[in-house]
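K.L.:
One structure, pasted below without further comment.
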Amino acid sequence: MSERNEAIEDRKVPALVVSGFLGSGKTTMIRHILAEATRRAVRVALVSNELGALGIDRALLGDGDEAYVELEGGCVCCELSDDLILTLQNLYESVSPDRIVVETSGVALPWDTQLNFWRHPVRNWIGDDMAVVVVNAEQLCEGRDLEGTFTDQVTSADLLILNKIDLVDEANLALAHERLRSIEPEAPVVTARHGAVDVALLFPPDADQVDRSGAIPEAPSHTHEQFETEIWTPPVGLSAEQLETELSQPQLLRAKGFVQTDQGPRLVQVVGHRVELHEIEYTPPESLQGRVVLIRRAAQSNS
């Protein structure tokens, strides 16, 4: 064992799992966490799990450094669980982080992700952990996609972030609270705009106060829905109105990507019925330009 590993082997690192349904605002909150970490000189190692294989979140979060790893092509709670373990151990040995953050895809389950912290060898150094689930207030008000994966995520939360409250009025905010409480009556709820929350709420205060020497806990029963992704390549020079028409598809749950519009390059974000175009302050990698990830529920087989 190296001297460096000997020096850190007894240190427990608190871990945060950031979950939430498609379009809830997880990546925006991660950007806030990373900005606060930079301001406070806290070393955060981030594992980001994106549904789809474009790597758009890496572009939105910045290329980062060796402390940032993106896992694509599946969910860290199931298909990529072994990759998650290897990635976490590599980050621990190479970066020696003060905090670990795992951002799951919008269809992953936080509790199943947390169970990986009980596996060797990461169980030896990961301290206490929290599951924070980000919830879109507008989605709650619309009563959209509140069953299955959404419910399993919310009922797994140690802390709920009721996000995007700037998109609803006071009456609908009360409705969002009521619907959220009907699904999960006990977990504390914090409201947020653009994912800006007090970072002190997001990490367990006593990372060492956990014993992972026992058997891995069993996951509660849950629904693991199937989703499918498609890469759309829009023509160059579409107007905002044309993009909105193209992306107003009844079965479309989420879309995200970079497009060259008649007004210049834009980040397109689709959540439910809302289609948004945002100016970007940088040029995304060429491999991402003119490509949009579309996410839908997988078609049900009749067999």
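Each value in this text was obtained by applying a stated rule to the coordinates, not by laboratory testing. No experiment lies behind these values; they were computed from the predicted model shown. With ideal geometry, Cβ positions are generated from the backbone for all residues, glycine too; neighbour counts draw on all protein chains shown.
K.L.:
Taking only Cα atoms and a 10 Å spring cutoff, compute GNM fluctuations for the chain and point out the largest among Gly195, Gly23, Gly214.
P.N.:
Gly214
K.L.:
Okay, moving on. Under 10 Å, Cα contacts only: if you run a Gaussian network model on the chain, which one of Glu244, Glu279, Glu178 comes out with the highest mean-square fluctuation?
P.N.:
Result: Glu279 has the largest fluctuation of those listed.
K.L.:
With a sphere of radius 10 Å drawn around the Cβ of Arg193, what net charge do the other residues whose Cβ falls strictly inside it have (Lys, Arg +1; Asp, Glu -1)?
P.N.:
Working: positive: Lys164; negative: Asp166.
Residues near Arg193 contribute 0 overall.
K.L.:
Once the Cα atoms of helix 170-183 and of the chain are each reduced to a long axis, what angle between those two axes, in degrees from 0 to 90 to the nearest 10, is obtained?
P.N.:
Value to nearest ten degrees: 50.
K.L.:
Using only the C-alpha atoms of the stretch 191-272, find the volume of their convex hull and express it per residue in Å³. Mind dumping the intermediate values first?
P.N.:
Working: hull volume 17.5 nm³, N = 82.
Per residue, the Cα convex hull of the stretch 191-272 comes to 213 Å³.
K.L.:
Between (1) 24.1, 96; (2) 23.3, 77; (3) 19.4, 61, which entry matches Rg and Dmax of the Cα atoms in Å as derived from the coordinates of this structure?
P.N.:
Only one listed value fits the structure, namely (3).
K.L.:
Just to be sure I understand the model, the point goes 7 Å from the Cα along the line to the Cβ. What's the resulting Glu178 to Arg43 distance in nm?
P.N.:
Using points 7 Å along Cα→Cβ, the separation is 5.0 nm.
K.L.:
Still on this structure: Relative contact order for the chain: what is it in percent, counting Cα pairs under 8 Å that are at least 6 residues apart? Intermediate results must be reported in sequence, preceding the final value.
P.N.:
Details: 583 pairs, mean separation 61.1, N = 303.
Here the relative contact order equals 20 percent.
K.L.:
Over all Cα pairs of the stretch 146-303, how is the pair count split among 5 Å bins, expressed in % and running from 0 up to the last occupied bin?
P.N.:
1, 7, 12, 13, 14, 16, 14, 11, 7, 3, 1, 0
K.L.:
Give the span of the stretch 227-297's Cα atoms along each principal axis, as three whole-Å numbers ordered largest to smallest.
P.N.:
Principal extents (Cα only, largest first): 31, 24, 19 Å.
K.L.:
If each DSSP helix of 4+ residues adds -39,500 (n - 2.57) and the sum is divided by the residues in the chain, what number results at 222 nm, nearest 500 deg cm²/dmol?
P.N.:
Values: 9 runs with 82 residues, N = 303.
It lands at -7500 deg cm²/dmol.
K.L.:
Here's another thing I want to ask about it. How fast does the stretch 97-141 diffuse by Stokes-Einstein, in µm²/s, taking the Kirkwood radius from C-alpha pairs at 4 °C and 1.567 mPa s? Mind dumping the intermediate values first?
P.N.:
On the way: Rh = 12.4 Å.
Diffusion coefficient, whole number: 105 µm²/s.
K.L.:
Over the Cα atoms of the stretch 72-174, how large are the radius of gyration and the largest Cα-Cα distance (Dmax), in Å?
P.N.:
Expressed in Å, the Cα Rg and Dmax of the stretch 72-174 come to 16.1, 50.
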